[in-house]
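This report refers to the structure that appears directly beneath it.
The values are calculated or read from the model by the stated rules, or taken from the named source; none is laboratory data. The shown structure was predicted, so the numbers you read here are calculated from the model rather than taken from an experiment. Using ideal geometry, Cβ is built from the backbone for each residue, glycine included, and neighbour counts are taken over all protein chains shown.
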């Protein structure tokens with residue numbers, strides 16, 4: 001859609017709103033429309049559900065590319081016969097060769113603003129509605145959490161972005177210049193703080209909606225990203241007193257029977273079936289093969305859409321001996337390469353102490369989201385955003401940064417004890433040693449949950465780690481081009497989408513992407 005078309009649509013919309021002629025009222029009285037929909041509590045709840053909906057697109061389409069494959073945790077299953085542009089552009093994100101026309105990072109940008117636009121409509125119209133202030137506060141609290149979450153990810157991935165904080169009703173409000181990253185963070189902090197104040201504490205079992213716990217962790221992570229550990233620490237301490245806890249078995253955290261469990265602080269909701277709300281993570285993450293049913297239990301061919309988020313050798317070697325998280329997170333597909341170059345799975349094996357048999361090929365894949373289902377690409381898995389183990393490790397990091405290093409090991413050891421009785425306790429109290437321990441623990445505990453890239457950037461390790469990773473992976477795979485993995489400060493954020501630059505001449509591109 002070009003700018004002229006947008007202006008025409010807006011012009012007609014404004015004209016219709018200002019006209020009382022009955023023949024211009026094109027919506028039947030029996031159907032909801034924007035002029036009379038935002039009136040009742042039930043209608044605002046429906047609108048709020050719509051504001052949650054883009055979260056599914058963020059993690060289902062682009063989140064793993066930008067949060068995991070951009071890091072040293074995962075790579076991709078290269079398949080020479082398919083060099084389609086949608087394939088190459090996913091690979092480009094992993095290889096640091098992406099540009100402003102990459103539809104996957106651009107989709108993340110666009111879907112975030114879809115959510116923001118829906119939230120702004122709710123916030124602008126709710127005070128005029130006639131229902132209780134208590135109900136309004138809950139809706140506003142959730143809406144502010146969501147807007148903070150959308151903008152937090154936008155500023156981390158793209159830097160300063162346009163700040164839309166009101167419903168767009170006329171053309172001149174539809175095109176804004178970029179705000180600075182500092183200005184975006186100010187809005188994120190204000191929104192998340194209001195969400196903390198307005199939302200109730202969690203109750204168990206949870207319903208999947210944002211609450212005071214999830215808003216507190218979001219705000220704490222924002223402060224930690226800004227290196228304000230003193231502001232983050234009390235928020236995380238409060239969360240530890242809200243009734244959350246670790247499930248006894250790590251693998252059970254990711255079972256669909258335990259969705260929104262006591263360990264869940266916030267997760268993105270999916271539902272298998274015909275509602276269009278299903279997930280399909282295991283299909284994205286399975287190897288490219290013609291017989292993926294040995295993994296999924298459902299007949300399917302993943303040559304066109306599988307082979308993403310493949311655990312790297314470095315990731316697999318990051319687990320200590322006796323760490324049950326490896327077997328819960330990664331499995332091995334063992335088989336042979338057919339005459340047409342495709343991979344044929346013969347068995348699925350544990351990744352623990354695995355050795356490839358002579359004459360076989362083995363491909364690792366993410367096992368966390370492998371749950372029973374009956375229909376191809378229609379699974380019931382939610383996506384974890386914040387878990388209680390994440391809270392414990394974030395708090396340990398804050399304590400270490402705030403000069404309380406001696407108090408950090410107890411929190412780390414809660415996580416490690418659940419991960420395996422054979423794992424030794426952490427006894428370190430030195431700042432640098434603990435910093436490395438926490439980074440390592442976050443990597444294996446939160447692997448494949450879209451934390452690694454943000455952790456590397458937040459802790460200032462991204463450039464060194466990823467350039468070293470690039471050297472290793474170039475030596476491992478001959479299809480990686482020489483100019484891949486040239487990681488500079490400019491590559492710590494993604495480009496502003498090309499189409500946005502064409503529609504809005506007030507935007508400036510990020511350095512390094514012009």
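Quick check on the range 360-383. Is at least one of its residues without any contact (Cβ under 8 Å) to a residue 60 or more places away in the chain, under 26 Å from the mean Cα position of the chain (by Cα), part of a strand (DSSP E or B) and surrounded by 14 or more Cβ atoms within 10 Å (Cβ to Cβ)? Yes - at least one qualifying residue is present in the range 360-383.
When each of 399, 394 is tested for being surrounded by 15 or more Cβ atoms within 10 Å (Cβ to Cβ) and over 25 Å from residue 258 (Cα atoms), the lone residue that passes is 399. Just so you know, in the range 431-450 the residues that are outside any helix (DSSP H, G or I) and in contact with a helix residue (DSSP H, G or I) (Cβ under 7 Å, 6 or more places away or on another chain) include one that is nearest to residue 308 (Cα to Cα), and it is 448. Does the range 175-189 contain at least one residue that is touching a strand residue (DSSP E or B) at 6+ places or on another chain (Cβ under 9 Å), part of a helix (DSSP H, G or I), more than 15 Å from residue 54 (Cβ to Cβ) and without any contact (Cβ under 8 Å) to a residue 24 or more places away in the chain? Looking for residues that are touching a strand residue (DSSP E or B) at 6+ places or on another chain (Cβ under 9 Å), part of a helix (DSSP H, G or I), more than 15 Å from residue 54 (Cβ to Cβ) and without any contact (Cβ under 8 Å) to a residue 24 or more places away in the chain, one finds none in the range 175-189, hence no. The C-beta contact set for the range 340-355 (first residue on the phi > 0 side of the Ramachandran plot and touching a residue at least 12 places away in the same chain (Cβ under 8 Å), second residue part of a loop (DSSP other than H, G, I, E, B) and surrounded by fewer than 15 Cβ atoms within 10 Å (Cβ to Cβ), distance under 9 angstrom, 6+ apart or interchain) comprises 341/80; 341/81. Every condition in (1) under 33 Å from the mean Cα position of the chain (by Cα); (2) at pLDDT below 95; (3) part of a helix (DSSP H, G or I) holds for residue 23 except the one numbered (1).
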